[in-house]
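Below is one structure, written out as structure tokens; the observations come after it.
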Amino acid sequence: MGERQQRHSRWRSCAPYHATQRWTTPNQTLLVIQKGMSGSVIRNVTSDGSGGAGVIILGAIQLHLDRVTVLNSRADGIHMTAGAHNGTITNAVVRGAGDDGISVVSYKSTAVPCHDIVVDSPQVFDNSFARGMTVIGGYNITYSNVYVQGSPSAAVLISANTLWNTYPSHDVKVLTATLVNSNTDNKVAHGALVVASNTVEGIYNVAFKGITIKNTRVGAPADVQILTFSGSPISNVSMDHVTIAGGPSKDFTTTVAGHYSLTNWVVNGKAVPNRIKP
């Protein structure tokens, strides 16, 4: 890839046919931004029918994706990993992904976790598996002005996962989000918004503000969950100005004893008293 193309790309990528199975290496991804690429700018690109992720950001730094559309990927729509950092993604649209719509995943097999990433005004529609948007290991990650519709599992998941040997997740923000028809898969016990950890390091300093949740699957365990497994620590989680309409009978469930605050919630038109557990 030439330096000029790398830094100021306006390509429109498409597959001659849609992949018929899921693949697991970057070779099956239609757009790969690799480690060593600094200052990449990708605008007005469509990735359609990828056998892997639609776009994978593999350790790249100081990147900017603007108005990138991913359709019908077999894996994640847009996947950031391998220490990718200092990047922005604006106005991304993901439809029909085979896994998470937009994900930040930090495996301990890499030297550093992902960090300092801003995803602004993303939209995810009707992925066939997994979550709308995730942070599974990483820090200083912000999602803002989010719209997720029809996610099989959680619309937004903040996690740290022993199975995948990830770094902890901390200093994560989700600011202004609308989550509609979440947890469509009745085999997955998720709400629309989930914070969950089973690692030794856990999760800390996570803030949600201005969240609207509509019509989560009625059979879901709750609209919002904070879950710890095997005593994994979760601390300083705040959820402010959350509005919920429709959905399951419970607005919130947790398996942690404290270190969270739920303030200014409205559920089905009624204000809910603040729940602050120091």
Only listed residue being in contact with a strand residue (DSSP E or B) (Cβ under 7 Å, 6 or more places away or on another chain), within 21 Å of Asp185 (Cα to Cα), modelled with pLDDT of 95 or more and among the hydroxyl-bearing types (Ser, Thr, Tyr), chosen from Tyr143, Tyr139, Tyr107, Tyr147: Tyr147
Among the residues listed as Ala177, Ala155, Ala160, the single one being surrounded by 20 or more Cβ atoms within 10 Å (Cβ to Cβ), under 15 Å from Arg95 (Cα atoms) and either among the β-branched types (Val, Ile, Thr) or touching a residue at least 24 places away in the same chain (Cβ under 8 Å) (or both): Ala155
Residue list for the range 189-210, filter: among the charged types (D, E, K, R) and not in a strand (DSSP E or B): Glu201
Filtered residues of the range 82-92 (kept if crowded, with 20+ Cβ neighbours inside 10 Å and more than 16 Å from Asn140 (Cβ to Cβ)): Ala82, Ala92
Lone qualifier among Ile244, Ile226, Ile276, Ile213 - being of a type in the set (Val, Ile, Thr), farther than 18 Å from Met133 by Cα, in a strand (DSSP E or B) and under 21 Å from the mean Cα position of the chain (by Cα): Ile244
Identity of the residue in the range 181-216, farther than 24 Å from Met80 by Cβ and of a type in the set (Val, Ile, Thr), that ends up surrounded by the most Cβ atoms within 10 Å (Cβ to Cβ): Thr216
1 or more residues touching a residue at least 60 places away in the same chain (Cβ under 8 Å): qualifying strands (runs of 3 or more DSSP E) within the range 61-119: 102-105
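The values are calculated or read from the model by the stated rules, or taken from the named source; none is laboratory data. Everything quoted here is computed from the prediction, not taken from an experiment. In this analysis, Cβ positions are derived from the backbone assuming ideal geometry, glycine residues included, and neighbour counts consider all displayed protein chains.
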